[in-house]
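Input: a single structure, listed below in structure tokens.
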Amino acid sequence: MAHEHAMPADLTRNQELVLGALNHAPAPLSAYDILDRLRGDGLRAPLQVYRALDKLVERGLAHRLESLNAFVACADAHCHRKGLIAFAICEGCGKVDEFADAVIEERLGGWAAREGFKVERTTMEIRGKCAACLQAA
Ligand SMILES: [Zn+2]
Ligand SMILES: [Zn+2]
């Protein structure tokens, strides 16, 4: 999450501001964290932030972490995943690593096919301690 992303050219100003805030954050941000950071830029209503977040999530530019009720910028600037997205959430420093795993996705796909379940999205949230926190302990 620390690296810089190119902004898509067709974002609204609010979407750009919100994505910028997520890109610069070392850890997931709640809608209110985002609002706090962007007050100086003229964003005052929670609804403005929620609308921008909805669009960013819809486009795969940002993801919602259900267990934290917070948002992160997509870690992958070029391939915005539509399938399984997995997040490893460090409970020490709050860092979130996004990754994908084709084997898990295939197995879940197999299960869904057998059950006749139509998957809209799959988000895995793994909690624990990152390597840096383990080393510091
Ligand atoms: Zn992503
Ligand atoms: Zn950590």
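Cβ separations smaller than 8 Å between residues 6+ apart or across chains give the following pairs from the range 43-65 residues that are over 25 Å from Asp97 (Cα atoms) to residues that are modelled with pLDDT of 90 or more and hydroxyl-bearing (Ser, Thr, Tyr): Pro46/Tyr32.
Cβ-Cβ contacts under 9 Å between residues 6 or more apart (or on different chains), taken from a first residue in the range 99-120 that is assigned to a helix (DSSP H, G or I) to a second residue that is of a type in the set (D, E, K, R) and surrounded by fewer than 12 Cβ atoms within 10 Å (Cβ to Cβ), are listed as Ala112/Lys118.
The rows are residues; the columns are (1) closer than 15 Å to Thr12 by Cβ; (2) modelled with pLDDT of 90 or more; (3) of a type in the set (Val, Ile, Thr).
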site	(1), (2), (3)
Leu35	no, yes, no
Val49	yes, yes, yes
His63	no, yes, no
Gly83	no, no, no
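Scanning the range 33-59 for residues that are exposed (fewer than 15 other Cβ atoms within 10 Å of the Cβ) and within 14 Å of ligand 1 (Cβ to nearest atom) returns a single hit, Glu58. Of all residues in the range 21-30, those being surrounded by fewer than 19 Cβ atoms within 10 Å (Cβ to Cβ) and modelled with pLDDT of 95 or more number 1.
The residues on offer are Phe117, Phe87, and the sole one that is touching a Phe, Trp or Tyr at 6+ places or on another chain (Cβ under 9 Å) and surrounded by fewer than 14 Cβ atoms within 10 Å (Cβ to Cβ) is Phe117. Screening Glu125 against (1) at pLDDT 90 or above; (2) away from ligand 2 (no atom under 16 Å from the Cβ); (3) within 27 Å of Glu16 (Cα to Cα) leaves a single unmet condition, (2).
Kindly indicate whether any position in the range 68-84 is of a type in the set (D, E, K, R) and more than 11 Å from ligand 1 (Cβ to nearest atom). There is no residue in the range 68-84 that is of a type in the set (D, E, K, R) and more than 11 Å from ligand 1 (Cβ to nearest atom).
Screening the candidates Leu47, Leu29, Leu68 for the property of being within 28 Å of Gly128 (Cα to Cα) and away from ligand 2 (no atom under 16 Å from the Cβ) yields one hit, Leu29.
The values are calculated or read from the model by the stated rules, or taken from the named source; none is laboratory data. Computed from a predicted model, the values in this text were never measured in an experiment. Glycine gets a Cβ as well: all are built from the backbone with ideal geometry, and neighbour counts include every protein chain shown.
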